[in-house]
Amino acid sequence: MTTQLDIEQRWPELFDGLTESQRWSVVQSLAAAWHEGWEPNHADVANLTDYAAGRIDHADYARRSDASGGRARGSAQ
């Protein structure tokens, strides 16, 4: 398990275009999953940032989460 949650530094491009509120929601959702043992990965972070930004709808978010094993089930709303 990583010792620091540095997702914004690892994949800054995924956070482009998010408002501060959206960014905070994404980070908090991922932090909660991380504290439960989830390991940060590009696919899960991209899925949640895309959902928060409105680039995908809930159905796409759920489909992508299921395809990746649903490792990070946060809500960006």
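The values are calculated or read from the model by the stated rules, or taken from the named source; none is laboratory data. Given the structure is predicted, the values throughout are model-derived calculations rather than measurements. Note that we place each Cβ from the backbone using ideal geometry, even for glycine, and neighbour counts take in every protein chain shown.
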Working only within the range 8-45, note down all residues that are β-branched (Val, Ile, Thr) and in contact with a Ser or Thr (Cβ under 9 Å, 6 or more places away or on another chain).
VAL26
Considering ASP60, ASP50, ASP66, which residue is part of a helix (DSSP H, G or I), modelled with pLDDT under 95 and not hydrophobic (A, V, I, L, M, F, W, C)?
ASP66
